[in-house]
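*Asks:* Structure provided below as structure tokens; questions to follow.
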Amino acid sequence: MCGIVAYLGPREAYPILIKGLHRLEYRGYDSAGICLVDTDLKIYKQKGKVSELEQFVMDKDVSGTAGMAHTRWATHGEPTQINAHPHYSQNNRLAIIHNGIIENYASLRSELINRGYQFLSDTDTEVLIHLIDDIQKNEKCELEEAVRIALNQVIGAYAIVILSKDDPNKIIAARKGSPMVIGVGKDEFFVASDATPIIEYTNNVVFMN
Ligand code: GLU
């Protein structure tokens with residue numbers, strides 16, 4: 001279980017997210033990744049250090065005032081670029097970062113494969129985002145409702161953050177058994193594994209139960 005940090009507000013997200021990942025490095029990790037919301041969800045990820053991710057995005061478009069970032073400690077699937085988070089849903093409409101373990105991922109995964117979903121990674125996490133996507137399409141509900149329904153089908157521990165290109169002004173976060181804090185600033189919101197990426201910006205920090 002490693003680190004997550006997310007931001008939504010008026011500022012450029014990238015510098016806040018990268019700084020946040022550095023603050024979470026003490027937790028240990030094997031890969032790092034980031035998603036920035038623009039007209040599309042832009043995902044960049046790398047095996048190795050946060051500094052290697054910074055190097056990788058040097059010539060990339062990192063604009064966007066909402067985003068999320070992750071450091072992974074692999075539990076399901078090797079520490080590779082493909083298995084690093086974030087993970088997209090089909091058609092790159094949604095993206096997820098996750099700390100923790102989905103225990104019943106194998107049965108969920110085969111059900112989703114039967115329904116036509118294609119998996120790019122070996123992670124338990126990718127199951128979650130296809131499941132949420134599938135539920136939202138079938139139920140024609142709001143994303144947060146789809147997340148609630150999906151999490152009721154999941155056994156395990158998680159802290160997750162989800163972004164949607166259809167709803168760029170929203171961060172969806174949920175936790176069970178993995179830590180997560182929310183920071184509320186002036187017109188801006190933060191989510192992180194602990195308060196270290198947030199306290200520089202706001203003292204208004206809520207530890208989620
Ligand atoms: N179980 C997930 C994976 O292996 C998340 C691991 C983590 O907490 O970093 O990708």
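*Asks:* Based only on Cα atoms, what Rg/Rh ratio does the range 32-85 have, Rh being taken as Kirkwood's radius? List each step's numbers first, then the result.
*Replies:* Values: Rg = 11.2 Å, Rh = 11.5 Å.
So for the range 32-85, dividing Rg by the Kirkwood Rh gives 0.98.
*Asks:* Using the Cα centre of the range 108-209 as the reference point, and only Cβ charges (+1 on K/R, -1 on D/E), how large is the resulting charge dipole? Debye, rounded to the nearest 20. Numbers along the way, then the final one.
*Replies:* Numbers: 10 positive and 16 negative charges, 33 e Å.
So the magnitude is around 160 debye.
*Asks:* Now, a different point. List, in order, the whole-Hz ³J(HN,Hα) value for each residue of the range 175-181 obtained from phi through the Karplus relation with A = 6.51, B = -1.76, C = 1.60 and θ = phi - 60°; use x for Gly and Pro.
*Replies:* Listing the rounded values in order: 8, 7, x, 10, x, 7, 10 Hz.
*Asks:* Using the alpha carbons of the range 1-106, what is the convex hull volume per residue in cubic angstrom, as a whole number? The partial results should precede the final answer.
*Replies:* Numbers: hull volume 10.5 nm³, N = 106.
Considering the Cα atoms of the range 1-106, their hull volume per residue is 99 Å³.
*Asks:* Follow-up. How big is the range 71-209 in terms of Cα radius of gyration and Dmax, in angstroms?
*Replies:* That works out to 15.1, 47 Å for Rg and Dmax.
*Asks:* Compare the Cα positions of GLY183, ILE149, ALA173 along the charge dipole of the chain (+1 at Cβ of Lys, Arg; -1 at Cβ of Asp, Glu; about the Cα centre) and return the one farthest towards the positive end.
*Replies:* The residue sitting most towards the positive pole is GLY183.
*Asks:* Quick one: angle between helix 125-139 and the longest Cα principal axis of the chain, in degrees between 0 and 90, rounded to 10, please.
*Replies:* Computed tilt is about 70 degrees.
*Asks:* What percentage of all Cα-Cα pairs in the range 17-59 are separated by more than 16 Å? Let's see the in-between values first.
*Replies:* Details: 310 of 903 pairs.
Beyond 16 Å sits 34 percent of the P(r) for the range 17-59.
*Asks:* What number of lysine-lysine pairs in the chain show an alpha-carbon separation below 23 angstrom, given a sequence spacing of 8 or more or placement on distinct chains?
*Replies:* Lysine pair count for the chain: 22.
*Asks:* Size of the dipole of the chain about the Cα centre, Lys and Arg at +1 and Asp and Glu at -1 on the beta carbon, nothing else charged, in debye to 20? Mind dumping the intermediate values first?
*Replies:* Working: 21 positive and 27 negative charges, 42 e Å.
Value, rounded to 20: 200 debye.
*Asks:* A further question follows. Could you tell me which trypsin sites (Lys or Arg not before Pro) in the range 48-83 are loop residues by DSSP with no more than 14 other beta carbons within 10 angstrom of their beta carbon? Let's see the in-between values first.
*Replies:* Values: sites: LYS49, LYS60, ARG72; in loops: LYS49, LYS60.
Hits after loop and neighbour filter: LYS60.
*Asks:* So what's the Cα pair-distance distribution over the range 146-201, bin width 5 Å, in %?
*Replies:* 4, 16, 24, 22, 20, 10, 3, 0
*Asks:* Express the carbon and sulfur contribution to the solvent-accessible surface of the chain as a percent, rounded to the nearest whole number, probe 1.4 angstrom. Let's see the in-between values first.
*Replies:* Numbers: 4690 of 9250 Å².
Within the chain, the accessible surface is 51 percent carbon and sulfur.
*Asks:* Hey, another quick one. Return one whole number: the accessible area per residue of the chain in Å², for a 1.4 Å probe.
*Replies:* 44 Å²
The values are calculated or read from the model by the stated rules, or taken from the named source; none is laboratory data. The structure displayed is predicted, hence computed values, not measured ones. For neighbour counting, all protein chains shown are included, and Cβ atoms are generated from backbone atoms with ideal geometry for every residue, glycine included. For the accessible areas, the whole protein counts, side chains as well, though only heavy atoms, and no ligand, DNA or RNA atoms are used. Shrake-Rupley method; radii C 1.70, N 1.55, O 1.52, S 1.80 Å.
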